[in-house]
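Visitor: Take a look at this one; I'll ask things after.
We did not get these values from a lab; they are worked out from the coordinates using the rules stated. Because the structure is predicted, anything quoted here is derived from the model rather than measured. Methodologically, a virtual Cβ is constructed for each residue, glycine included, from the backbone with ideal geometry; neighbour enumeration extends over all protein chains shown.
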Amino acid sequence: MSQPILQVRDLCIDFVLEDRTIEAVKDASFELAAGETLAIVGESGSGKSVTALALTRLLPVPPANIKRGEILFQGKNVMTMDAAQLRQLRGGKIAYIFQEPSTSLNPVYTVRSQIGEAIRLHRPDVADVDAEIVRWLDAVGIVDPAARMHDYPHQLSGGMQQRVMIAMALACQPDVLVADEPTTALDVTIQAQIMELLGSLKERFGMSVILITHNFGIVSGFASRVLVMYRGRIVEQGPTEEILRHPKHAYTRALIDCIPRLGSKEKRLKTIDHAAIAGA
Amino acid sequence: MITTTPEPLEAAAAGPMARALRRFRADKIGLFAVAMVCLLGLISLTFFILDRLGIPWPMDPNATNLERKLMPPNSVNWLGTDNLGRDVFSRLLNGAYISLTVGFVAVFVSLFIGVTVGAIAGYFGKWVDNLIMRIVDAIMCFPTFFLILTAVALVGPSIFNIIVVIGLVSWTGTARLVRAEFLTLRESAYVQAARAIGQRGRKIIFRHILPNAAAPILVTAVLGVPSAILTEAGLSFLGFGVQPPQATWGNIIADGKTYILDAWWLILFPGLAILVTTLSFYLTGDALRQAVETRSERQ
């Protein structure tokens, strides 16, 4: 296999508060191969989003403090990049999709103006920006993109807003797409559509994807490799199939058990018993 | 086959401006207040131009006529005359532009300072914010009116000085407001998203944050106008405003206060002019606030 597109080594991130310091990420090391789909799974506060934001140094410093570790993108160290290089990296090389499409779009601008902004930033050579916007809106499955691009965010449904966010991220033609809980704010049927869309776009444009989620249910069939985070540590990583079948860590097992199954005899949904995991 | 066509009926007027306009149009009191503001603006402009052209209409505001002094409202002097026989109606119209000019320009000055300072404090945060806001607190400790009075007494009471002093003293409220808006908006998801597509800080401030803070800034601006007008009237009343013989609403009242028991019209009409003007601006600002209020619609 060729050199990984993204390498993270011994990443430690602290949040320095007035009275104490919280270790959000502890010694995280992982790699992402070109064209690969990696899922980072963990509950709220496990450090998965912090890790994702740290990839392009989007964390506010302070309170965040990247104490230790290396992040290499195509062999270049992100930690030593200057502001201009970081701006190139953000969006242009590593693009993000966030959890809340309704608030991630600026309410005072049209879809056209926002996607156009992204295109002009990273692809100044594009002559016909409007045509490019239409092309990407079409690619994410928006009906009648030429008319829809003049809409304001509040005129779109949640699913459509997320499609616009995806179009905006893809329009910069990034090498890595980081989807931070892209479906959490959407209802279940839309969730499936968005995941399917992400999967097909990934195939079509051959980028690497990092999917961040707390939901093991959407991981299988999407990601080829899984990384489980618990309390700031990567507790387990490996091929999706293997982790789903033979989880080694008690927390992974507990997470997988949390997926509700049709036909299950259980009366109540499973929750995670942290005391038991800590003891294991 | 199912074809879905996007409904065009809303698409034409869906922007934040269009929405605010639509709501404003439904507000009867607001529309009336705006009409009043426009009328006042038109009056001041007309009589300012007439004055500059040297056309004394309806009468020369500064022509004295001691034979007709302290006349109650009559068919010649519609709003009566003062102790020097000057026509109150002419003086009121002639003084209108002073009030409005002071109101608008002073607000512009204070807005410029307030928005800049507030934006810097709110966006950069940390010690910058601390330093700036402590200075703002210090300025706010002084009673505004006396600060203005002292400053005007020092630099001299010309219309230009009055405008600058009012502007320089009254920006603190705007700065606080803008700072608070920036603090909130800085953490918003779309600012985060703008950072994530690699937008530069300057662009984020002007393109993503400022337009979203525009509504409350606009409302304070409009509400700042009547307070500047009142300040100017107060200064003129105390004799620190625009100097005689130039008529202003404040100094007409100041001249008339000696005759308050004999010549009620000297106090009443300029007082009403001030009241109607400030009320029109307050009501406009209020209507504007309701029209641009977007929070209830953001889910």
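Visitor: Find the percent of Cα-Cα distances in chain A that exceed 25 Å, and round it to a whole number.
Guide: Value for chain A: 49 percent of Cα pairs lie more than 25 Å apart.
Visitor: Ok, one more. Considering only DSSP beta bridges where both residues belong to the stretch A:164-236, give the percentage that are antiparallel (nearest 5).
Guide: Working: 3 of 8 bridges.
Antiparallel: roughly 40 percent of the beta bridges in the stretch A:164-236.
Visitor: For a quick check: with amide H placed at 1.01 Å from N, whose amide H comes under 5 Å from A:THR37's, ignoring anything fewer than 5 positions away on the same chain?
Guide: Correct list: A:VAL209, A:SER224, A:ARG225.
Visitor: Still on this model: Compare the peptides B:101-109, A:269-277 by average per-residue count of other Cβ atoms within 10 angstrom and give them in order, highest first.
Guide: My ranking of the peptides, most packed first, is B:101-109, A:269-277.
Visitor: What residues qualify as long-range amide H neighbours of A:GLN74, i.e. H under 5 Å apart, gap of 5 or more or another chain, H built at 1.01 Å from N?
Guide: For A:GLN74, the qualifying residues are A:LEU6, A:GLN7.
Visitor: Show me the trypsin sites (Lys or Arg not before Pro) within the stretch A:97-159 that DSSP assigns to loop and that have at most 15 other Cβ atoms within 10 Å of their Cβ.
Guide: The qualifying sites: there are none.
Visitor: Taking each residue of A:96-105 in turn, how many C-beta atoms of other protein chains fall within 10 Å of its C-beta, and what is the average?
Guide: Mean shielding by partner chains, rounded to a whole number: 4.
Visitor: In addition: Where does the charge balance sit around A:HIS246 when Lys and Arg score +1, Asp and Glu -1, over other residues with C-beta under 13 Å from its C-beta? Present the calculation step by step, with values, prior to reporting the outcome.
Guide: Working: positive: A:ARG245, A:LYS248, A:ARG253; negative: A:GLU236, A:GLU241, A:GLU242.
Result for the neighbourhood of A:HIS246: 0.
Visitor: Something else about it: Each label point is 7 Å from the Cα along the Cα-to-Cβ direction; what then is the distance between the points at A:GLN74 and A:VAL61, in nm?
Guide: It is 2.2 nm.
Visitor: When only DSSP loop residues count, what trypsin sites (Lys or Arg not before Pro) in the stretch B:156-225 have their Cβ near at most 15 other Cβ atoms within 10 Å? Please list the in-between numbers first.
Guide: Details: sites: B:ARG176, B:ARG179, B:ARG186, B:ARG195, B:ARG200, B:ARG202, B:LYS203, B:ARG207; in loops: B:ARG200.
Here the trypsin sites (Lys or Arg not before Pro) that fit, given the DSSP loop and packing criteria, are B:ARG200.
Visitor: Further, regarding this structure: What does the highest-first list of B:68-76, B:162-170, A:220-228 look like by mean Cβ count within 10 Å?
Guide: Values: B:68-76: 13.8, B:162-170: 22.3, A:220-228: 19.4.
Going from most to least packed, we get B:162-170, A:220-228, B:68-76.
Visitor: Once R0 is set to 60 Å, what does the formula 1/(1 + (r/R0)^6) return for the Cβ-Cβ distance between A:GLN3 and B:GLN290, expressed as a FRET efficiency to the nearest 0.05?
Guide: Given R0 = 60 Å and the Cβ-Cβ separation, E is 0.50.
Visitor: Roughly what % antiparallel, to the nearest 5, for the DSSP beta bridges in the protein assembly as shown?
Guide: Around 55 percent of the beta bridges assigned by DSSP in the protein assembly as shown are antiparallel ones.
Visitor: On the principal axes of its Cα set, how long, how wide and how thick is chain B? Give whole Å, largest value first.
Guide: Per principal axis, max minus min of the Cα coordinates gives 87, 57, 34 Å.
Visitor: How high is the relative contact order of chain A, in percent, with contacts defined as C-alpha pairs under 8 Å that are six or more residues apart?
Guide: Computed value for chain A: 24 percent relative contact order.
Visitor: Here's a follow-up. Please compute, for peptide B:183-192, the average count of beta-carbon atoms on other protein chains lying within 10 Å of each residue's beta-carbon.
Guide: Values: counts 0, 0, 1, 1, 1, 4, 9, 12, 3, 8.
Per residue, the average neighbour count from other chains is 4.
Visitor: Quick query: amide H of A:TYR96 versus all other amide H atoms, modeled in the peptide plane; which residues come in under 5 Å with a sequence gap of 5 or more or a different chain?
Guide: The list, which skips near neighbours in sequence, is A:GLY91, A:VAL178.
Visitor: Please list, by residue number, every one of the GluC sites (Glu not before Pro) in the stretch B:155-233 that is coil in DSSP and has at most 10 other beta-carbon atoms within 10 Å.
Guide: On the way: sites: B:GLU181, B:GLU187, B:GLU232; in loops: B:GLU187.
In loop regions of the stretch B:155-233 (DSSP not H, G, I, E or B), the sparsely surrounded GluC sites (Glu not before Pro) are B:GLU187.
Visitor: Rounded to the nearest 500 deg cm²/dmol, what is the calculated helix-only ellipticity per residue at 222 nm for chain A, with -39500 (n - 2.57) per DSSP H run of length n ≥ 4?
Guide: -9500 deg cm²/dmol
Visitor: Then there is this: Please tell me which of these pairs span more than 29 angstrom C-alpha to C-alpha: A:LYS26/A:LYS267; A:LYS26/A:LYS76; A:LYS26/A:LYS93; A:LYS67/B:LYS126; A:LYS202/A:LYS270; A:LYS48/A:LYS76?
Guide: A:LYS26/A:LYS267; A:LYS202/A:LYS270
Visitor: Dividing the Cα convex hull volume of the protein assembly as shown by residue count, how many Å³ per residue is that?
Guide: Numbers: hull volume 132.7 nm³, N = 579.
Cα-based convex hull of the protein assembly as shown, divided per residue, equals 229 Å³.
Visitor: In the stretch A:65-160, if every C-alpha pair distance is counted and binned at 5 Å from zero, what percent goes to each bin?
Guide: Binned Cα distances yield the sequence 2, 11, 18, 20, 17, 11, 10, 8, 3, 0.
Visitor: What is the sum of charges around B:GLY95, taking Lys and Arg as +1, Asp and Glu as -1, for the other residues whose C-beta is under 14 Å from the C-beta of B:GLY95?
Guide: Once positives and negatives cancel, what remains is -4.
Visitor: So between A:THR271 and A:GLN88, what do we pick up on full extension, going 0.36 nm a residue minus the alpha carbon distance?
Guide: Here the answer is 61.7 nm.
Visitor: Report, as an integer, the average count of C-beta atoms from other chains found within 10 Å of each Cβ along A:137-148. All intermediate terms of the calculation are to be shown ahead of the outcome.
Guide: Details: counts 0, 0, 0, 0, 0, 1, 4, 4, 0, 0, 4, 2.
Mean partner-chain Cβ count within 10 Å for A:137-148: 1.
Visitor: For every other residue with a beta carbon closer than 15 angstrom to the beta carbon of A:ILE190, add +1 if it is Lys or Arg and -1 if Asp or Glu, then tell me the sum.
Guide: Charge balance in the 15 Å sphere: -3.
Visitor: Which order do A:GLU242, A:GLU18 fall in if you start with the one that has the fewest other Cβ atoms within 10 Å?
Guide: A:GLU18, A:GLU242
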